[in-house]
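Every number here is computed from the coordinates shown, using simple stated rules; none is lab data. It should be emphasised that the depicted structure is a prediction, and the values quoted were computed from it without experimental measurement. Counting neighbours? That spans all protein chains shown, and the Cβs are built from the backbone with ideal geometry, glycine included.
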Amino acid sequence: MATLIGTMILAIGLPAWAGITYVGLVRARRGDELPPLRPPRRRRTPARKAAWVAGLAYLAGGAVHLYGLSYMPFLFPEDACWFGVGIKAYPDSSSALPVSLVCHGIEVVPWWVNPGLLVLAVTAVTATVTSVVLAWRGSASRRVS
């Protein structure tokens, strides 16, 4: 019991005490004045918003594709059917795009993977083109005026 209490003191109490002491030392050096105000952020332009949407769509599309590829047979193809369907057999067919793994006529990859990839790909490409067009239009209008 004493060891447990000592461990808890070392694991929780010591870092908390060190953090409180560090904050106190920093405040003593700086004084108690408020931190300086940050300058206001620039407003997000439509081009920047479209670029954010494109980036998030690319990231989500990559995650969905990696999830779909987790069903693919890489080193031991018969194990992919074993874990996916429960049949110890070699897959009938497999494909990385569209993501597909067929074992004894049963599709193992979830139904939503390929439509999700399609929607995310269309969103990413559309947002990228929109971002480029809006940025180009914005720079052209600044050059004219």
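Yes/no matrix, rows are residues, columns are (1) within 25 Å of Leu120 (Cα to Cα); (2) among the charged types (D, E, K, R); (3) without any contact (Cβ under 8 Å) to a residue 40 or more places away in the chain; (4) part of a helix (DSSP H, G or I):
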{"site": "Ala50", "(1), (2), (3), (4)": "yes, no, no, yes"}
{"site": "Leu59", "(1), (2), (3), (4)": "yes, no, yes, yes"}
{"site": "Met72", "(1), (2), (3), (4)": "yes, no, yes, no"}
{"site": "Pro91", "(1), (2), (3), (4)": "no, no, yes, no"}
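I need a count of the residues in region 36-48 that are outside any helix (DSSP H, G or I) and surrounded by 12 or more Cβ atoms within 10 Å (Cβ to Cβ).
Going residue by residue through region 36-48, those that are outside any helix (DSSP H, G or I) are 36-45.
Next, from what is left, pick out any that are surrounded by 12 or more Cβ atoms within 10 Å (Cβ to Cβ): 45.
Residues flagged as outside any helix (DSSP H, G or I) and surrounded by 12 or more Cβ atoms within 10 Å (Cβ to Cβ) within region 36-48 amount to 1.
How about region 75-89: which of its residues are more than 29 Å from Ala57 (Cα to Cα) and either among the basic types (Lys, Arg) or assigned to a helix (DSSP H, G or I) (or both)? Explain how you work it out, then say what you get.
Let us first name the residues in region 75-89 that are more than 29 Å from Ala57 (Cα to Cα), namely 75-79, 81-83, 85-89.
Within region 75-89, Pro77, Glu78, Asp79, Cys81, Trp82, Phe83, Lys88 qualify.
Mind listing whichever residues of region 94-145 are assigned to a helix (DSSP H, G or I) and among the aromatic types (Phe, Trp, Tyr)? It would help to see each step written out before you state the result.
Kept after step one, since they are assigned to a helix (DSSP H, G or I), are these residues of region 94-145: 113-144.
Passing the criteria: only Trp136.
When both residues are 6+ apart or on different chains and their Cβ atoms are under 8 Å apart, which pairs have a first residue that lies in region 127-140 and is under 26 Å from Gly61 (Cα atoms), and a second that is in a helix (DSSP H, G or I) and among the charged types (D, E, K, R)?
Final answer for the pair search is Ser131/Arg48.
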